[in-house]
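Okay, so here's the structure we're looking at.
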Amino acid sequence: MMLAAVVLTACGTREDHGAWREQLFQGSTDAADAPSFQLDDVRVPDRLRGIAAAGPDGEEIRIACDTCHGLLDVELSRRGPERLQSQVGGPHVGLAFEHGPLDCAHCHDAAAPHQLRTADARTLPTTEAIELCSQCHGLQWRDFQHGAHGGMRGHWDRAAGPRERNHCVDCHDPHAPAFQRYRPLPPPVDRFAPIPPHRNGPVDHGAPTRHEAAPEPSEDGS
Amino acid sequence: MNGVTRRRLLKGAGATLGALAFAKAVEPVLDFTSELSGDEFLQRHYRELSPEDMREVLARLEAETKEKYGAEVTIRDIRPQEGVQFGYALNLSLCIGCRRCAEACHVENNHDRKTHQSYIRVLEMQQGSIDMEHGDATYDHPVPQPGRYYMPVQCQQCDNAPCVKVCPVEATWKEQDGIVVVDYNWCIGCRYCEAACPYHARRFNWEAPEISAEEINPNQSYLSNRIRPQGVVEKCTFCLHRTRTGALPACLEACPTGARVFGNLLDPNSEIRWVLENKRVFVLKEELGARPRFFYFFDV
């Protein structure tokens, strides 16, 4: 019960950081060229509000970072995530870490690891991670502001309706940001895309398969 | 002489045979028209329909969908907006070939479930080549593969569209906002357009689409995603039932990488304009002079 209360209070509201968002929008020269970009369109993913855990009835709940870090005085190691996983354990066990040569303290505030720290020593809540990412990934940030990275849903015409943008961490795990390979959805079955000969066999990476053994529907259709 | 000359006998036999042959020849037509309502048979070309005609046509099509597929749908006739010219761009550096765009198209546009049809074909391409004729649309292994890139191809909405030029009955044309459309009730199914399209973007309905009532997308329009009849050609319409009301196309919303950029080419602040002005952009098969509205670009 008490835990739930802590979770709720720790989530906080976005209004607290309104000033920061305004500053970010005005400070960027690119943003001036992209008046259709609105930072408020960017959704705040759940994973930035805490870690996932199983609730009393097995349902997934979010435990805000402050729940533990508000009580414990955790000093961040400069020696990378291995120590974190072996010594601290708990919720951070199994953390995949493949983000270049970075250490925890490159992104997390060493004195309060549940917060982020920019290169110019400002502290940010995790929900504002987008500014932290943009420090290094400037080209992606530029493209994102111009709608050419990250995807969107809603309206192309801002006068007709709202738009929702993905956050960086919707698609990229900040601790292992590379896209994982995965199985594509099945192909269509048509004249130019016949039933693939390799569907049940080994994958042939060699010659293209188009037009080969293509069932011509006109033969039996008419 | 009893009045029956050899000449009259032959004329009579010839006439009888001729009549029988004619009856046999037109038999398929009579069969065909029994399935075709008089209203449908007499329906005029889309661009000749008055607003009242159009209301009647839409009501009839909605009733037919209810009868044949058991689904309550709304079919609208959505016209182009003034001052809007649609353009689409796709970032080949981002696309991972997951085919979610093709799947979203399949669902949004009420495609035949059996053939798993879609207006988008994702080609797996050899790095270093942009020859789409050597792309593989049937790959079925984890993506992205090393040494490959992925190029989704759909209707390029050409300004100088070869498919429009070859249509013998003007059943396909380019709309004011740049979208090439088909009047499915005017199309005679000759498939000239399918052959003319250098992007293999048109599809032919060999059979009436099979789709269950609960899977039908009820938000339909006359020129785009209403369920097509058998024997007509269909194509991507940039989801005009969505985009002409200001919404984004279904394939763009489905893209997990944000590789797709859509917008109004006439708006200097639009995302599509930024891409065209700031990225390395090319069009497929530029040498054919079809002047596509669909652009590909790289990040570098």
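All of the numbers you see were taken from the coordinates with simple rules; none came from a lab. Small disclaimer: the values here were computed from a predicted structure and weren't measured. We place every Cβ from the backbone using ideal geometry, glycine too, and count neighbours over all the protein chains shown.
Summary of values
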item: Shielding of B:138-150 by partner chains, average beta-carbon count, 10 Å; result: 5
item: Among B:GLN85, B:PRO28, B:LEU265 - extreme Cα towards positive end, dipole of chain B, charges at beta-carbon; result: B:PRO28
item: Peptide ranges A:146-157, B:161-172 listed from the most packed, as the mean C-beta count within 10 angstrom indicates; result: A:146-157, B:161-172
item: Label-zone membership for the range A:107-125, site A:GLU75, 7 angstrom Cα→C-beta point, backbone N under 20 Å; result: A:107-117
item: Under the span-like rule (Cα at least 30 Å along the axis, Kyte-Doolittle mean at least 0.0), DSSP H helices of chain B; result: B:6-35
item: Selection from B:GLN156, B:LEU58, B:MET125 lying farthest towards where the dipole of the range B:52-157 points positive, charges on Cβ; result: B:MET125
item: Residue-by-residue Karplus 3J(HN,Hα) for the range B:39-50, coefficients 6.51, -1.76, 1.60, Hz, glycine and proline x; result: 4, 5, 4, 8, 4, 7, 5, 3, 7, 9, 7, 6
item: Charged-residue dipole, Cβ positions (Lys, Arg, Asp, Glu), the range B:146-223 about Cα centre, Debye nearest 20; result: 420
item: For the range B:86-298: rounded, prolate or oblate by the Cα gyration tensor [a/c cutoff 1.5]; result: rounded
item: Cut-off under 5 Å, modelled amide H: who pairs with A:MET152 long-range; result: none
item: Per-residue [θ]222 nm for chain B (sum of -39500 (n - 2.57) over DSSP H runs n ≥ 4, rounded to 500); result: -9000 deg cm²/dmol
item: The range B:289-300 - phi-based ³J(HN,Hα) in whole Hz, Karplus 6.51/-1.76/1.60, Gly and Pro as x; result: x, 7, 6, x, 9, 10, 10, 10, 8, 10, 7, 6
item: Potential lengthening between B:ARG191 and B:ASP39 on full extension [0.36 nm per residue; Cα-Cα distance subtracted]; result: 52.3 nm
item: A:GLN135 paired with B:PHE282, simple spin-label distance in nm, labels 7 Å along Cα-to-beta-carbon; result: 3.8
item: Charged-residue dipole, Cβ positions (Lys, Arg, Asp, Glu), the range B:107-239 about Cα centre, Debye nearest 20; result: 180
